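Visitor: This is the structure I have questions about; it appears just below.
The values are calculated or read from the model by the stated rules, or taken from the named source; none is laboratory data. The shown structure was predicted, so the numbers you read here are calculated from the model rather than taken from an experiment. All Cβ positions, glycine included, derive from the backbone under ideal geometry; neighbour counts span all protein chains shown.
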Amino acid sequence: MIKNEQAGLYIHVPFCLSKCGYCSFYSVVSPDLIPDFVKAVVREMAFYKPSFVPFKGFDTIYLGGGTPSLLSAKQLDDLLTAARHYFRFDDPGSNHPLRHTGEYPEGHKCRYPENIEITMEVNPGDVSKNYLRDLKAAGVNRLNIGVQSFDDRILKFLGRRHSAKEALAAIDEARNAGFQNIGLDLIYGVSGQDIRLWLKTLEQALSFAPEHLSCYQLSLEEKTPLYKQYSKESLQLPAENEALDFFMNTSKILTDAGLIHYEVSNFARSDSLKSRHNMKYWRHAPYLGLGPAAHSFLDSRRWWNKADVKAYLNEVGGGKKPVDKSESLSAEQLALEALFLSMRTNDGIHLQQYKNRFGADLLVGKKQVIDELMENGLLELKDGRLQPTLAGMAVADSLALM
Amino acid sequence: MENIRNFSIIAHIDHGKSTLADRLIQHTGVCNERNFQDQLLDNMDIERERGITIKSNAISLPYLARNGQSYILNLIDTPGHVDFSYEVSRSLASCEGVLLLIDAAQGVQAQTLANLYLAMEHNLEIIPIINKIDLPSADVERVLEEIDSELGLDPDTHIKASAKEGTGIEEILEAVVERIPPPTGSGDNPLAALIFDAKYDPYRGTIIHCRVFEGGVKAGDIIRFMYNNSTYKVEEVGHFLLQRAKREKLSAGEVGYIIAGVKTVSDVRTGDTITHQERPCPQPLPGFKEVKPVVFASIYPIASDDYQDLADSLEKYKLNDASFIYEKDSSAALGQGFRCGFLGLLHLDIVQERLEREYDLSIILSVPSVRYRFTLEDGRVLYVDNPTHYPDPAEIDKGEEPYIRASMMMPERYLGAVMKLCMEKRGVNSSMNYTGPGRVELSYEMPLAEVIFDFYDRFKSVTQGYGSFDYNMIDYRESSLVLMDILVNGEKVDALSQIVHRDRARARALLACDRLKDEIPRQMYKIAIQGAIGGEIIARSTISAFRKDVTAKCYGGDITRKRKLLEKQKAGKKRMKMIGSVSIPQSAFLAVLKSDND
């Protein structure tokens, strides 16, 4: 499962113009550091060139944040060009692996093979026609637009700096710029949000026929402003039953509209339009994360960078990998991860592969519990895979502890 | 011998026995303030926390009396709970007198009386002490009245004291010297020493606590335990000061210890007589009996990997507790474990707590049971203390259960509530006696099984703590018994099976179902809990499933954190017991044992 999968490259762009109350990802409001940051990421790539050599090369790049759309088109182009130079990107459809030339001439541009998925998260407030055109020219072929809601009150509550109108316009612009793989991020379960309002938001999103939708139930992460606000104003997240209603209805409406509910919070128009990059996280495929706070995984080791831009710049400037910590996962830990990650996806877990990897037959060891879960409609056995049903996905974390 | 006094302090629980002992020790200067640890005689943490003495202990106090003479005052502490009344009697048998301690606010209580009777049986000189006179609620006049009317003692003989404040201490010591007779006996007679306690010392083996009545014993002697005729060579004898203090010899009238290479305390019987192999005494000292456990329960490790640890810990624990017995047991639901016998519920509590605290074990306890007697169709008689061994109902001719006589004392205003409780507990043959104005002594014959279930907690609760309770076993009586099982999602949890009176089965089953419902966490599927007799369901409850718990986002940066969280939950789950497909926490097993109104 691990070795045969191609790797993903993640670049964390830890800059925002303002912080959103709910977000727990690492970012700072100091865009003046962006130029240094871009140079540092390119240097970090050089550090990993000799050591991060996944068996089958890379086939995805994902620029996440923070707010990657704070990068200028030129800066983005620099990053992609450097990545193309330092790492091997195989065209998954081709039998002839491409090799980098070893040279990195200034101004030289090399194209990515067509089947490499290059995703960029963008804030609806940042996208102009020209910017989108330049992103596309630089090689970005998948846009993930942080819409979150089409309701200005909710956007304001969440601390988003764009309006509903800007979100609508951004999607139109992206289509006009020729992006054929667009994903929209939405949030539900905000305090006081009526489920009917949410379903309306969903309908609106569907009217753009997006290739991909991520619908996240709002969660309160400790240390976020929203967490404090909820406890101070004693606001409440939806109770279990209500949360389940949101979850089930979301799934129903989107699958009725022809999307595949392939992960707890993710829907795709077709199998090939699933987020190939994100799938790597759920399949224990290798990934290299660059930039502050980015996580990497190869074989059974995971490590992550310092969540501090200045420290990151200093380390890289001093010629060191800016790693904060790393962990070597035991077979038991890997097995637990494999379970809880795969139970998030409609694919579930391949029993024979699990057995090959961990030497344990789930159907034998956990038979009584699995039988009970199947009887209760939480799990299904299909094509040698143990898969969560929709109701199962809603309790995926517990399924992992079966 | 003229200058020795052997005495005990007897009291109802919490009337200040340990505090008084501390004051006497301080006053006689055995220890100074610096190394004084409150309530010295209560050695174990649990004793100190619960404020009761579990096992007796002894100390020799040197005292220079007002008459100018030096005395050795041997204070023999006694356990303060009904479970250990035999130990109390053996300690008292080692004395010539007692200090009968009465709380100035609470007055005479059930155990005050029970202990007084014990002391009278041994013809001991009794010195009534009214303690806690410093309390605002102290009512000395009333207590004096009770001493007269309820105890039948001369109220003029009392001493007022506050052990807490240190008042009356010297008067007490003088009374011990003046009023308690010196021991009798002769150092020339053959050795007769009464064992009143034994403690295990990892370096020396068993330390035998004894009172020498006749003759004397010294290192090198060959001694014999009269109940089983085993012989040992004495290694050391001595007195109890704060530590053991080695002496040349222990002689008639003295209290002290003997070390004789006895491996475990189980090789020693409290109440047994020690004599010399060569020149034995003609007969043992009176009063010996072998204490038998009356409450039984199984102990299982939560994780089956811990079985060996549990076995080792029980073996170690047993070294110091001769009245605890255990043997291997196994449960279909809970795996390998041990069936254990206890003197009572407090004893059971103590064992459980010490296993968890001192040996760091997580254990599950089955529902405690008494020992039932079944006569089968073919005439065979079976004693059953484990529901697992319940005989085939078709073969039972007669079932019987042990009965006790409960003695309770309380202010009159609680009489109605207590009678109601006793009736509910199948009490019969009540008798009632007004022992003083507004005070009642009530006695009932009750099945022991009802008493060990939750009687004591509820009694305390209905009398708001003003009631006191004591009991003794009387006999076996015929009873309509059934085996009640608990099923979780259709799987029988044999550790929760109980032998109960038919009329009580449904109430017990309902209670168990409710308790389990509260304690078993919701799981991904519905859980049905049922109480059954044979194939008939008599009670049920349901735990609904939880239906959403998944975290919304899980990308590269979230996985490690999420895994750590799940690892924690997984570890928590390991401490639960899987019954079929349901994880049951330890607390659920304990909750089934708890009373109605905790």
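Visitor: B:Tyr476 passes all but one of (1) over 30 Å from B:Ala105 (Cα atoms); (2) among the aromatic types (Phe, Trp, Tyr); (3) not in a strand (DSSP E or B); which number fails?
Guide: Exception for B:Tyr476: condition (3).
Visitor: If you don't mind, there's one more thing I want to ask. Scan region B:257-306 residue by residue and report those that are surrounded by 21 or more Cβ atoms within 10 Å (Cβ to Cβ), touching a Lys or Arg at 6+ places or on another chain (Cβ under 7 Å) and of a type in the set (Gly, Ala, Ser).
Guide: Within region B:257-306, B:Ala260, B:Gly271, B:Ser298 meet the criteria.
Visitor: Quick check on my filter: what residues within region B:542-561 are buried (at least 19 other Cβ atoms within 10 Å of the Cβ) and more than 7 Å from chain A (Cβ to nearest Cβ)?
Guide: The answer is B:Ile543, and nothing else.
Visitor: Next question. Just one of (1) surrounded by fewer than 19 Cβ atoms within 10 Å (Cβ to Cβ); (2) part of a helix (DSSP H, G or I) trips up B:Thr435, so point out which.
Guide: With respect to (1) surrounded by fewer than 19 Cβ atoms within 10 Å (Cβ to Cβ); (2) part of a helix (DSSP H, G or I), B:Thr435 is out only on (2).
Visitor: Okay, moving on. Name the single residue that is farthest from A:Leu71 (Cα to Cα) among those in region A:1-45 being β-branched (Val, Ile, Thr) and surrounded by fewer than 20 Cβ atoms within 10 Å (Cβ to Cβ).
Guide: So the residue we want is A:Ile2.
Visitor: Would you point out which residue out of A:Leu273, A:Leu235, A:Leu226, A:Leu220 is more than 13 Å from chain B (Cβ to nearest Cβ), of a type outside the set (Val, Ile, Thr) and under 28 Å from A:Leu336 (Cα atoms)?
Guide: A:Leu273
Visitor: Follow-up question, since we're still on this one. Do you know which of the residues in region B:574-598 that are surrounded by fewer than 16 Cβ atoms within 10 Å (Cβ to Cβ) and within 14 Å of chain A (Cβ to nearest Cβ) is nearest to A:Trp282 (Cα to Cα)?
Guide: Checked region B:574-598; the qualifying residue nearest to A:Trp282 (Cα to Cα) is B:Lys574.
Visitor: When you go through A:Ala169, A:Ala177 one by one, which is the residue that is more than 22 Å from the chain's Cα centre (by Cα), crowded, with 18+ Cβ neighbours inside 10 Å and at pLDDT 95 or above?
Guide: Among A:Ala169, A:Ala177, only A:Ala177 is more than 22 Å from the chain's Cα centre (by Cα), crowded, with 18+ Cβ neighbours inside 10 Å and at pLDDT 95 or above.
Visitor: Restricting region B:77-117 to residues that are hydroxyl-bearing (Ser, Thr, Tyr) and farther than 21 Å from B:Asp321 by Cβ, which is nearest to the chain's Cα centre (by Cα)?
Guide: Ranking the qualifying residues of region B:77-117, first place goes to B:Thr112.
Visitor: Any chance you could count how many residues in region B:291-322 are out of contact with any strand residue (DSSP E or B) (no Cβ under 8 Å at 6 or more places or on another chain), at pLDDT 85 or above and among the small types (Gly, Ala, Ser)?
Guide: Number satisfying all stated conditions: 1.
Visitor: State which residue is nearest to the other protein chains (Cβ to nearest Cβ) when the search covers only region B:508-536 and only residues that are free of Cβ contacts under 8 Å to residues at least 24 places away in the same chain and loosely packed, with under 15 Cβ neighbours inside 10 Å.
Guide: B:Lys526
Visitor: A follow-up question, please. Could you count how many residues in region B:1-24 are at pLDDT below 90 and in contact with a Pro (Cβ under 6 Å, 6 or more places away or on another chain)?
Guide: Qualifying residue count, region B:1-24: 1.
Visitor: Now, a different point. List the helices (runs of 4 or more DSSP H) that sit entirely inside region A:346-385 and contain at least 3 residues that are more than 14 Å from chain B (Cβ to nearest Cβ), surrounded by 14 or more Cβ atoms within 10 Å (Cβ to Cβ) and not hydroxyl-bearing (Ser, Thr, Tyr).
Guide: Here the list reads A:351-358.
Visitor: Moving on to the next point. Can you name every residue in region A:195-215 that is in contact with an Asp or Glu (Cβ under 7 Å, 6 or more places away or on another chain), free of Cβ contacts under 8 Å to residues at least 60 places away in the same chain, closer than 15 Å to A:Ser251 by Cα and surrounded by 16 or more Cβ atoms within 10 Å (Cβ to Cβ)?
Guide: Scanning region A:195-215 gives a single hit, A:Thr201.
Visitor: State all residues of region B:562-573 that are at the interface with chain A (Cβ under 10 Å from one of its Cβ atoms) and of a type in the set (Lys, Arg); if no residue qualifies, say none.
Guide: Those that are at the interface with chain A (Cβ under 10 Å from one of its Cβ atoms) and of a type in the set (Lys, Arg): B:Lys562, B:Arg563, B:Lys564, B:Lys570, B:Lys573.
Visitor: Looking for something surrounded by 19 or more Cβ atoms within 10 Å (Cβ to Cβ) and acidic (Asp, Glu) - is there at least one such residue anywhere in region B:401-421?
Guide: Yes, some residue in region B:401-421 is surrounded by 19 or more Cβ atoms within 10 Å (Cβ to Cβ) and acidic (Asp, Glu).
Visitor: Could you tell me whether any residue of region A:393-402 is more than 9 Å from every other protein chain (Cβ to nearest Cβ) and touching a residue at least 12 places away in the same chain (Cβ under 8 Å)?
Guide: no
Visitor: Would you check which residues across region A:216-249 are small (Gly, Ala, Ser), assigned to a helix (DSSP H, G or I) and surrounded by fewer than 17 Cβ atoms within 10 Å (Cβ to Cβ) and list them?
Guide: A:Ser231 - this is the single residue of region A:216-249 that is small (Gly, Ala, Ser), assigned to a helix (DSSP H, G or I) and surrounded by fewer than 17 Cβ atoms within 10 Å (Cβ to Cβ).
Visitor: Which of the following residues is more than 22 Å from B:Tyr372 (Cα to Cα), in a loop (DSSP other than H, G, I, E, B) and touching an Asp or Glu at 6+ places or on another chain (Cβ under 8 Å): B:Tyr525, B:Tyr466?
Guide: When all the criteria are applied, what remains is B:Tyr525.
Visitor: Okay, next question. Restricting the search to region B:62-87, which residues are of a type in the set (A, V, I, L, M) and assigned to a strand (DSSP E or B)?
Guide: B:Leu64, B:Ile72, B:Leu73, B:Leu75, B:Ile76
Visitor: Next question. Go through A:Lys320, A:Lys325, A:Lys252, A:Lys310 for me and flag whichever is assigned to a loop (DSSP other than H, G, I, E, B) and of a type outside the set (Phe, Trp, Tyr).
Guide: A:Lys320
Visitor: Take the residues in region B:449-463 that are buried (at least 22 other Cβ atoms within 10 Å of the Cβ) and among the aliphatic types (A, V, I, L, M), then tell me which one is nearest to B:Val370 (Cα to Cα).
Guide: Per the stated criteria, the residue is B:Ala449.
Visitor: Would region B:111-121 turn up any residue that is surrounded by 23 or more Cβ atoms within 10 Å (Cβ to Cβ) and among the aromatic types (Phe, Trp, Tyr)?
Guide: Within region B:111-121 (the criterion being surrounded by 23 or more Cβ atoms within 10 Å (Cβ to Cβ) and among the aromatic types (Phe, Trp, Tyr)), the answer is no, since none of the residues qualifies.
Visitor: Now for a separate question. Can you tell me which residue in region A:328-345 is farthest from the other protein chains (Cβ to nearest Cβ), limited to those that are part of a helix (DSSP H, G or I), surrounded by 14 or more Cβ atoms within 10 Å (Cβ to Cβ) and free of Cβ contacts under 8 Å to residues at least 40 places away in the same chain?
Guide: Going through the qualifying residues, I end up with A:Ala335.
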